[in-house]
Amino acid sequence: MATALITGPTAGIGRAFADKLAIEGYDLVLVARDEARLKEVATEITRLHGVACEVLAADLTEPAQLALVEERFRTGPIEVLVNNAGYGQKKPFWANTIEQEEHQFDLLVRVVLRLTHAAVLPMIERGSGAVINVSSVAGFLQRGSYSAHKSWVTNFSAGLAIELHSRGVAVMALCPGFVRTEFHGRMGMDKTIIPSFMWLDATELVDAAWADLMRGKAISIPNWRYKVVVAGARYIPRTLIARLSTVGLDGRRRA
């Protein structure tokens, strides 16, 4: 049975991917910091779907612990990698310490870079495999470091998809908008300021993303509302974006 590795699988989009891949018949390697919660999720997924779940507790921003996860790609075949772990800053760039900004950069960029590299090398040798990097619609807007990080994830993934297509390896950036998860709650965001029709369901999002991967898409923007946002973003004047930036697609509210 093929195996998939998912970072940040205990809730939200990551948990939806864990359920989806288990339904598709994949055994799972679940990676997050909270070992107790990982074990609870692993037990539940095995009970619900009958697949094996390996727990790998690691803080991906710590180089030694990240190296342990990278090593997992060399000790047994991983057919699918889902780079989902992430978080956002509530405050704007200048109000955070440089250490806070570096921590976010490490998780959203450096970890994606290193785990993708660790994953695709054996995939190329086998001639099969897939990498899904969870990005954001925020990456199509010019709004602070979070948007910049997500823009990198999307462009990195799309470029790599072109390079690896002929080698049998699929790479896709998943670019959601607002999704009902713990993400915004952890930021202390007032979710009532976002219209209800803009919120997406994590399970439906992942189902659509998986279908896009099967179609060979390099960038997945599930839901027509966010396709419109992305299509229109290139034509929106930057002055208008600045005026609208009190609330953005990364969930931040600025003072």
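The values are calculated or read from the model by the stated rules, or taken from the named source; none is laboratory data. Owing to the predicted nature of the structure, the values given are computational and were not obtained by experimental measurement. Cβ placement follows ideal geometry from the backbone for every residue including glycine, while neighbour counts extend to all protein chains displayed. For accessibility, only protein heavy atoms count, side chains too; no ligands or nucleic acids. Shrake-Rupley method; radii C 1.70, N 1.55, O 1.52, S 1.80 Å.
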For the peptides 12-22, 131-141, what is the packing order when you average, over each peptide's residues, the other Cβ atoms within 10 Å and list the highest mean first?
131-141, 12-22
Which links in Lys39/Lys217; Lys90/Lys227; Lys91/Lys227; Lys39/Lys227; Lys39/Lys91 stretch past 31 Å when you go from one Cα to the other?
Lys39/Lys217; Lys39/Lys227; Lys39/Lys91
Express in nm, to one decimal, how much length is gained between Glu70 and Arg225 on full extension, taking 0.36 nm for each residue of separation and deducting their alpha carbon distance.
52.2 nm
So, in Å, what gap is there between the alpha-carbon centers of region 85-162 and region 61-79?
17 Å
Keeping every protein chain present and rolling a 1.4 Å probe, give me the accessible area per residue for region 1-133 in Å².
45 Å²
Listed peptides 72-85, 23-36, 154-167 by packing density, highest first (mean Cβ within 10 Å)
72-85, 23-36, 154-167
Nearest 0.05, what FRET efficiency do Glu44 and Glu204 give at R0 = 30 Å with Cβ-Cβ as r?
0.90
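Rounded, prolate or oblate: which fits region 4-131 when a ≥ b ≥ c are the square roots of the eigenvalues of the alpha-carbon gyration tensor, with rounded for a/c under 1.5 and prolate only if a/b beats b/c?
Because a/c hits 1.5 or more and a/b fails to exceed b/c, region 4-131 counts as oblate.
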Note down the accessible area of Leu113, probe 1.4 Å, to the nearest 10 Å².
80 Å²
Hey, what did region 1-124 get for relative contact order, percent, Cα under 8 Å, at least 6 apart?
27 percent
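Computed FRET efficiency, Cβ-Cβ of Glu125 and Glu35, R0 35 Å: what is it to the nearest 0.05?
Numbers: r = 31 Å, r/R0 = 0.89.
So the FRET efficiency works out to roughly 0.65.
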With a 1.4 Å probe and all protein chains kept in place, how do Trp210, Trp94, Trp152 rank by accessible area, largest first?
Trp94, Trp152, Trp210
Residue separation times 0.36 nm, minus the C-alpha to C-alpha distance between Ile23 and Gln100: what's the value?
24.0 nm
Accessible-area order (highest first, 1.4 angstrom probe) of the listed residues Met172, Met1:
Met1, Met172
Could you pull the accessible area for Glu40 with a 1.4 Å probe, rounded to 10 Å²?
130 Å²
Toy charge model, Lys and Arg Cβ at +1, Asp and Glu Cβ at -1: region 1-158 dipole around Cα centroid in debye, rounded to 20, equals 420 debye
